[in-house]
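Below you'll find the structure, written out as structure tokens, and then a few comments.
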């Protein structure tokens, strides 16, 4: 019995649709709240080649929305964990694993190998990078993003249609729009948005129905409202020929930073001053022995740190809040030196595994 | 006119909708274009001025600053969102 008979029996989809899925190569960027539900359906439905990219590890606070992962997976790599489970779900799928984050240096090389991209990232720099790389390579991409109880879905750069920059021309600064870490998201919302993205991928690949090209779907979970906003192509946004110098928001570029690996080395040689800006609850769960907890919300430097004049290393879970903290601290204390620990506690815990 | 608020604009205003008076009882100039509406809202909620790219939809279509608006229009503020 054909495992896909329930969908091939649909007259609009049929064997032809199934064959198109089998031949499709789809890259899913990010193995989190959006990427996992999308992957589970794309894999179950028989998409032939699925690319997975992420370098994060499974954390306890992921489990509330990233429902492919179990308690036993906490502390393990998302890439390997997701790959193992998806492989047992469908052994016929060809998986391509990219053990990295998408960066300016690897984006074109990686995306080039695929027919389309599903953007399941959680930050603006990655979204603008995916947009520009897809425009340069002429690949459509299915966008999904969240805020609290709301979600966005659209299909960008599809057959000359509008792109992400036609909707939001320039990247907002870290100050104006909060990210998921401090803003929160109701667990089921990414499941809904990720599944809507999977549906759009299927439609782009097989050509059935009307795609959300030139339409932004705004979903409001609290009121079950779906708003569809039409928007047009700005031709200059299709004329991108190369990636930008940097995809970090402009006010972050002046921040000193150190890789988690370098910091570990430094720390072994000599004890450093470490400021942990996560919430007291996160701090209680795990922290570096020498770290002092000053949550981002109540950012006030202890007097002895101000007087010591020694460089202060700032850490959080993933390296985003620490970046925001340094922006504020540097304004308040221009005479002191602050340094962001890239990848935060997540990256340090990978190193110590 | 009633404005639907999404994303961080809902958080800034503290409500999913916002009413803008269409008669000049308040003595303030009534917004007649998207640009004037943005200015009007920015005066009431200065935090909104910080949003560098904010999409405004009029009758379910993306509107530029020059577009005219009236009390029958359905207007929504849709800022970019980044979570995943």
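What to note about this one:
- Projection of the Cα convex hull of the range A:148-305, averaged over all directions and equal to a quarter of that hull's surface, yields 13.9 nm².
- Chain A: angle of helix A:124-137 to the longest principal axis, Cα-based, in degrees nearest 10: 40 degrees
- Using the Cβ-Cβ distance between residue B:43 and residue A:351 with R0 set to 56 Å, the FRET efficiency works out to roughly 0.65.
- Exercise: per-residue mean of other protein chain Cβ atoms within 10 Å, B:50-62: 5
- Angle between chain A longest axis and helix A:320-332 axis [Cα atoms, degrees, rounded to 10]: 40 degrees
- Evaluated over the Cα positions of the range A:108-159, the convex hull gives a direction-averaged projected area, one quarter of its surface, of 3.5 nm².
- At q = 0.07, 0.09 Å⁻¹, base-10 log of I(q)/I(0) for chain A (Debye sum, equal scatterers on each alpha carbon): -0.32, -0.53
- Label sites at residue A:310 and residue A:67, each approximated as a point 7 angstrom past Cα along Cα to Cβ, lie 4.8 nm apart.
- Partner chain coverage, peptide A:121-128 - average Cβ within 10 angstrom: 2
- Scattering from the range A:72-130 was approximated by placing one identical point on each alpha carbon and applying the Debye formula without solvent; log10 I(q)/I(0) at 0.15, 0.24, 0.29 1/Å stands at -0.58, -1.16, -1.26.
- With respect to chain A, whose longest principal axis is taken over its alpha-carbon atoms, helix A:35-45 is tilted by about 20°.
- Here the range A:1-123 is described by how far its Cα atoms reach on the three principal axes: 43, 34, 22 Å, from widest to narrowest.
- By the beta-carbon count within 10 Å of each Cβ, the least crowded to most crowded order of A:263, A:283, A:338, fewest first, is A:283, A:338, A:263.
- Value of relative contact order over the range A:1-98, rounded to a whole percent, pairs C-alpha under 8 Å and six or more apart: 28 percent
- Residue list for the range A:69-109, given a label point 7 angstrom along the Cα-to-Cβ vector of residue A:137 and an amide N cut-off under 19 Å: A:94-109
- Most mobile of A:272, A:18, A:197 in a GNM of chain A (Cα contacts under 10 Å): A:272
- Backbone N within the range A:318-353 under 13 Å of label point (7 Å from residue A:268 Cα along the Cβ vector): A:351-353
- Inter-chain shielding of A:146-152 (mean C-beta neighbours from other protein chains, 10 Å cut-off): 6
- Taken over the Cα atoms of the range A:295-339, the convex hull encloses 67 Å³ per residue.
- Bridge type composition, chain B - antiparallel percent by DSSP, nearest 5: 80 percent
- Peptides A:148-159, A:320-331, A:224-235 ordered by average Cβ neighbours within 10 Å, highest first: A:148-159, A:320-331, A:224-235
- Centre-to-centre separation between the Cα atoms of the range A:8-28 and those of the range A:309-353: 47 Å.
- Beta bridges assigned by DSSP with both partners in the range A:97-183 are antiparallel in approximately 70 percent of cases.
- Given their separation in residues at 0.36 nm each and the Cα-Cα distance between them, residue A:230 and residue A:259 gain 6.2 nm when the chain is fully extended.
- Sorted fewest first by neighbouring Cβ atoms within 10 angstrom, A:335, B:36 come out as A:335, B:36.
- Based on Cα contacts under 8 Å between residues 6+ apart, chain A shows a relative contact order of 14 percent.
- Descending semi-axes in Å of the range A:249-333, equivalent ellipsoid built from Cα gyration tensor: 18, 16, 15
- CD proxy at 222 nm, helix term only [per DSSP H run n ≥ 4: -39500 (n - 2.57); per residue of chain A; nearest 500]: -10000 deg cm²/dmol
- For chain A, share of DSSP beta bridges that run antiparallel, in % to the nearest 5: 35 percent
Any read-out appearing in this document is the output of simple, stated calculations on the displayed coordinates, not a laboratory observation. These numbers come from a predicted model, not from an experiment. Here the Cβ is made from the backbone with ideal geometry for all residues, glycine too, and neighbour counts use every protein chain on show.
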